[in-house]
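The next block holds one structure in the form of structure tokens; read it before the comments.
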Amino acid sequence: MTRMSTDVPQGELDFGEETWDAERVRVYLADRADSGQRLLVTVVEHVPSGEVAAGTSFLLVDGKPAFVFQEETIALKAHRGHRLGMLVKAVNLRELAGRYPQTERVHTFNAEENAHMLGINVALGFRPSGAEAALQKKL
């Protein structure tokens, strides 16, 4: 989760590094559960180091099974070039279809500068449905 704040192309925006430790993850997951939300997560472990090399998740909202939000998808810099982003996203989509067949739509988003992930989304059948702009003032 920390790497999502530093390793993902975001154009010229600078959000700084977010710190995610085990306690923050526990609180995040508890808050999601308390608000009727669940995550379906797929990760890839680099076995020699025990490091999570890539991961992705879907956010599911209780009572709204037809619509799912794609949360983060990332392959850590040290593990890029092995198609892990495609792997985790494809596996999670397959799991979603198997576990939640009532899902009709998945909403995902990417920075325009993230051509690699946009290519993965197109290859997996996603299509554009809107755009968003972000501005940042540096003081």
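Overview of results
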read-out: Kyte-Doolittle mean at least 0.5, axial Cα span of 15 Å or more - DSSP H helices of the chain; value: 84-99
read-out: Length added when fully stretched, E71-D21, from 0.36 nm per residue minus Cα-Cα; value: 16.2 nm
read-out: Long-range HN-HN contacts of W20 with modeled amide H, under 5 Å; value: T2
read-out: Distance between the stretch 48-64 and the stretch 23-44 - C-alpha centres, whole angstrom; value: 9
read-out: For the chain, size of Cβ-based charge dipole, Lys and Arg +1, Asp and Glu -1, in debye; value: 440
read-out: Highest average packing first - 32-41, 111-120, Cβ atoms within 10 Å; value: 111-120, 32-41
read-out: Net length gained if the chain between S129 and A97 were fully extended (0.36 nm per residue, minus Cα distance); value: 9.4 nm
read-out: Relative contact order of the chain, defined on C-alpha pairs under 8 angstrom at six or more residues apart (%); value: 22
read-out: Those trypsin sites (Lys or Arg not before Pro) in the stretch 47-112 that DSSP places in a loop and that have at most 14 other beta carbons within 10 Å; value: R83
read-out: Accessible area (Å², 1.4 Å probe, nearest 10) - Y100; value: 50
read-out: Per residue value of the accessible surface for the stretch 27-83 (all protein chains in place, 1.4 Å probe), Å²; value: 57
read-out: Furthest towards positive pole of dipole, A90, L60, V47, structure part the chain, Cβ charges; value: A90
read-out: Charge dipole (the chain, unit charges on Cβ, about Cα centre) - positive-most of Q37, I74, Q102; value: Q102
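The values are calculated or read from the model by the stated rules, or taken from the named source; none is laboratory data. Being a predicted model, the structure only gives us computed values, none of them experimental. Methodologically, a virtual Cβ is constructed for each residue, glycine included, from the backbone with ideal geometry; neighbour enumeration extends over all protein chains shown. Please note that ligands, DNA and RNA were not included when accessible areas were found on the heavy atoms of the full protein model with its side chains. Shrake-Rupley method; radii C 1.70, N 1.55, O 1.52, S 1.80 Å.
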